[in-house]
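See below for the structure under consideration.
The values are calculated or read from the model by the stated rules, or taken from the named source; none is laboratory data. If you're wondering where the values come from, they're calculated on a predicted model, not measured in any experiment. Cβ atoms come from the backbone with ideal geometry, glycine included; neighbour counts cover every protein chain shown. Surface areas here come from the heavy atoms of the whole protein model, side chains and all, with no ligands, DNA or RNA. Shrake-Rupley method; radii C 1.70, N 1.55, O 1.52, S 1.80 Å.
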Amino acid sequence: MFIAKGECVAFPTETVYGLGANVFDVTAVKKIFEAKGRPSDNPLIVHIAHDSELALLAQRIPDVAHEFIQKFFPGPLTLVLPKSKFVPSIVSAGLNSVAVRMPSHSVAQAFLRAAGVSIAAPSANLSGKPSATSWRAVKEDLDGKISCILKGDDSPIGLESTVVDCTGKVPLVLRTGAISLEQLQAVHARTALANPKKTAAPKSPGMKYTHYAPTATVVLIDSVDEIRRATKKSAYIGLSMPSPALHFQKICMSLEEYAQSLFSFFRDADAAGVTHIYCECVPEQGIGRALMDRLRKASSRL
Ligand code: TXA
Ligand code: MG
């Protein structure tokens, strides 16, 4: 198996595709950073098939983390925990914490069980590009650079996992995702959104990099009436129907469908030579908060 040989394997999860290697094999983990062109100060998430793996990865499990694990594992939630000495520092980018997630996707679980070891894996895209939500997107970005792509269906959620830091006094949401702030607060009422501007060093190093950005310019609009001067090279994605219709558009039936199709829409728009992508804003609750986060990141050139 590729993992035992120290190779990287791309695999489907319910959020986005991951690019995995044996977490304890430093040479294999280096290949992930090389294949993606990922800066070395951006730590990786460790994927597990079973709770028992936590003993090797985390130095201890804070009480709040226990509650989140019980409620949301397996699923689209990543917990940042105090790191054990066994996790190589390349994985945590030198931090004394480690991010852990147990995916619920059946192919991801089968892959993790077959690997027989915890798997360090970022999203399986070139650094700076939108995360890959299909095996075709993985191939587009990483063909020739990795040993194996496990082909599954398109990722059902389509946005990366919610990341919650459980190492401090209150749980802090470092990245929003399908497990919403409201759901986390129902388990632990003091859970709060991290404010990256308030911390001198970003708590989640990945947040400082440009993410999810297509080549086309992303324009956020509150209403489809704001679409002016649309040309054949303009695209639109949102819940409302623009009039007149655009040459390249996707009308979504729900927030979930909007989230699920956003990154593939970005990639398709780039492939079609679109220059401007109009994206309709949504209310910031539930998955809408994660969707707005990704839309904002895609629209600003950091
Ligand atoms: O849904 C997901 O989370 C996907 C799938 C493959 O599981 N993975 C993913 O990984 O999105 P990646 O590497 O693209 O994003 C991981 C995020 C980054 O923003 C990174 O900075 C943050 O998690 N992170 C990782 N370890 C951390 C740590 N110890 N402390 C704080 N943030 C951490
Ligand atoms: Mg990523």
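Cross-link check: pairs K145/K250; K31/K129; K36/K129; K31/K139; K83/K169; K151/K233 evaluated at a Cα-Cα cut-off of 21 Å; pairs beyond the cut-off: K145/K250; K151/K233. Using a ≥ b ≥ c from the Cα gyration tensor of the range 1-56 (square roots of the eigenvalues), is it rounded, prolate or oblate, where a/c under 1.5 gives rounded and otherwise the larger of a/b and b/c decides, a/b for prolate? Judged from the Cα gyration tensor, the range 1-56 comes out rounded (a/c under 1.5). Of the trypsin sites (Lys or Arg not before Pro) found in the range 2-41, those in coil by DSSP whose Cβ has at most 10 other Cβ atoms within 10 Å are K5. Radius of gyration over Kirkwood radius for the range 217-299, both on Cα atoms: the Rg/Rh ratio is 0.92. Once every Cα of the chain carries one equal point scatterer and solvent is ignored, give the base-10 log of I(q)/I(0) from the Debye formula at q = 0.07 Å⁻¹, two decimals. With one equal scatterer per Cα and no solvent, log10 I(q)/I(0) is -0.26. The A189 and Q59 beta-carbon pair, evaluated with R₀ = 25 Å, returns a calculated FRET efficiency of approximately 0.45. The distance separating the Cα centre of the range 8-73 from that of the range 82-134 comes to 2 Å.
Note on the chain: with neighbouring protein chains present and a 1.4 Å probe, carbon and sulfur make up 52 percent of its accessible heavy-atom surface. Normalised per residue, the accessible area of the chain is 44 Å², obtained with a 1.4 Å probe and no contribution from ligands, DNA or RNA. Springs join every pair of Cα atoms under 10 Å in this Gaussian network model of the chain, and among D63, D165, D268 the largest mean-square fluctuation is at D63. Projecting the Cα atoms of G75, L142, P156 onto the dipole axis of the range 9-198, where Lys and Arg carry +1 and Asp and Glu carry -1 at the beta carbon, places L142 farthest toward the positive end.
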